[in-house]
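The block underneath contains the structure these notes are about, expressed in structure tokens.
The values are calculated or read from the model by the stated rules, or taken from the named source; none is laboratory data. Keep in mind it's a predicted model, so treat the numbers as computed, not measured. With ideal geometry, Cβ positions are generated from the backbone for all residues, glycine too; neighbour counts draw on all protein chains shown.
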Ligand code: 13P
């Protein structure tokens with residue numbers, strides 16, 4: 001078993017999942033202002049530290065994805081943020097892409113940047129304690145998109161990123177996110193997501209990455225958010241499993257879904273069904289941002305001194321997701 005495979009399994013095993021707390025300052029400002037909290041470095045740290053010190057970090061969270069600002073911050077008790085996360089048994093991770101920009105010659109589509117100087121930045125993050133990383137490519141669905149150019153360019157960048165991360169002794173999360181925005185059908189999402197993921201693996205293989213030392217972070221297969229033809233949770237689970245079974249090489253140890261705008265309950269229920277029906281050898285767990293933090297953020301914003309109570313809200317969500325990652329969740333547990 002390679003060292004990278006060991007790290008991946010430490011993050012994903014036993015129902016554990018990933019807390020995606022790597023919102024850029026711009027995104028975090030939107031999230032905080034939506035609940036009337038001023039977005040300052042101190043407030044961003046205060047909310048995140050509240051989550052990272054929660055009880056459920058020990059039994060539910062295998063890894064936390066940080067943003068550059070947070071990995072460099074010191075917690076209120078004097079430990080660095082990576083030290084605080086490691087003390088709970090979770091693995092600190094870091095988002096290393098520098099964001100999605102307009103793609104030349106297809107400006108309605110995006111290409112994720114951040115390869116320049118990446119090797120040097122990775123060394124710095126390793127020294128700060130990171131053992132895994134994230135890079136997100138984004139694709140939208142419409143009649144003409146995603147174009148072959150967007151699919152190819154993003155897969156190429158994701159694979160070059162992944163190779164550099166493994167060279168530095170860390171596990172890359174490869175995140176090709178096919179967005180939920182639009183009125184496309186679930187079958188279109190299935191078709192495009194499969195094409196996108198297959199293309200990523202072609203490039204990952206071309207770049208000689210160790211597939212046993214990566215984590216795939218895909219979207220679930222859903223109808224577009226404006227589609228009139230929504231599908232049932234059972235169908236989401238069936239189509240998502242079909243997509244992954246046909247597109248992901250068996251060497252990959254695990255898949256950690258993004259929530260992508262699903263509600264907390266939707267993201268939990270869908271993950272639970274995926275695990276109840278999972279006939280693959282892949283671990284299927286969560287790497288949620290909004291679907292883990294939404295309720296906790298809303299509660300905290302009303303009174304930021306209520307740390308223990310905010311942690312209860314977060315613990316509940318993390319425990320529900322961890323049950324779902326084992327196919328053991330049911331809706332009646334939500335109210336206990
Ligand atoms: P959401 O779960 O809110 O989609 O965030 C996950 C993530 O890391 C997106 O890059």
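Key figures for this structure:
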item	result
Count of the stretch 286-306 residues which are outside any strand (DSSP E or B) and either within 14 Å of the ligand (Cβ to nearest atom) or surrounded by 15 or more Cβ atoms within 10 Å (Cβ to Cβ) (or both)	12
Boolean, residue 148 is loosely packed, with under 15 Cβ neighbours inside 10 Å, over 18 Å from residue 287 (Cβ atoms) and in contact (Cβ under 8 Å) with a residue 24 or more places away in the chain	no
Which numbered condition residue 132 misses (of (1) buried (at least 22 other Cβ atoms within 10 Å of the Cβ); (2) over 20 Å from residue 92 (Cα atoms))	(2)
The stretch 116-135 - residue that is in contact with a helix residue (DSSP H, G or I) (Cβ under 6 Å, 6 or more places away or on another chain) and assigned to a loop (DSSP other than H, G, I, E, B) and, of those, nearest to the ligand (Cβ to nearest atom)	131
Subset of the stretch 229-245 (residues that are within 17 Å of residue 261 (Cα to Cα) and more than 16 Å from the ligand (Cβ to nearest atom))	230, 231, 232, 233, 237
Odd one out for residue 279 among (1) surrounded by fewer than 16 Cβ atoms within 10 Å (Cβ to Cβ); (2) assigned to a loop (DSSP other than H, G, I, E, B); (3) within 15 Å of the ligand (Cβ to nearest atom)	(3)
Residue 189 within 16 Å of the ligand (Cβ to nearest atom), crowded, with 22+ Cβ neighbours inside 10 Å, outside any strand (DSSP E or B) and over 17 Å from the mean Cα position of the chain (by Cα)	yes
Residue selected from the stretch 204-228 under the condition under 24 Å from residue 131 (Cα atoms) and in a loop (DSSP other than H, G, I, E, B), by the criterion farthest from the ligand (Cβ to nearest atom)	208
Of all residues making up the stretch 166-176, the number that are more than 25 Å from residue 223 (Cβ to Cβ), touching a helix residue (DSSP H, G or I) at 6+ places or on another chain (Cβ under 6 Å) and buried (at least 24 other Cβ atoms within 10 Å of the Cβ)	2
Residue 255 being in contact with a helix residue (DSSP H, G or I) (Cβ under 7 Å, 6 or more places away or on another chain) and within 15 Å of the ligand (Cβ to nearest atom)	yes
Any hit, the stretch 162-171, residues being assigned to a helix (DSSP H, G or I) and more than 15 Å from residue 203 (Cβ to Cβ)	yes
Check on residue 320, within 16 Å of the ligand (Cβ to nearest atom) and touching a strand residue (DSSP E or B) at 6+ places or on another chain (Cβ under 9 Å)	no
Sole exception among (1) within 27 Å of residue 104 (Cβ to Cβ); (2) free of Cβ contacts under 8 Å to residues at least 60 places away in the same chain for residue 243, by number	(1)
Meets criteria (under 24 Å from residue 93 (Cβ atoms) and not in a helix (DSSP H, G or I)) for residue 177	yes
The stretch 134-145, residues that are more than 14 Å from residue 177 (Cα to Cα) and without any contact (Cβ under 8 Å) to a residue 40 or more places away in the chain	143, 144
Meets criteria (assigned to a helix (DSSP H, G or I), touching a helix residue (DSSP H, G or I) at 6+ places or on another chain (Cβ under 8 Å) and closer than 18 Å to residue 15 by Cα) for residue 267	yes
First in the stretch 251-267 and on the phi > 0 side of the Ramachandran plot, second anywhere and at pLDDT 95 or above and more than 7 Å from the ligand (Cβ to nearest atom), Cβ under 7 Å, 6 or more apart	260/180; 260/219; 261/180; 261/225
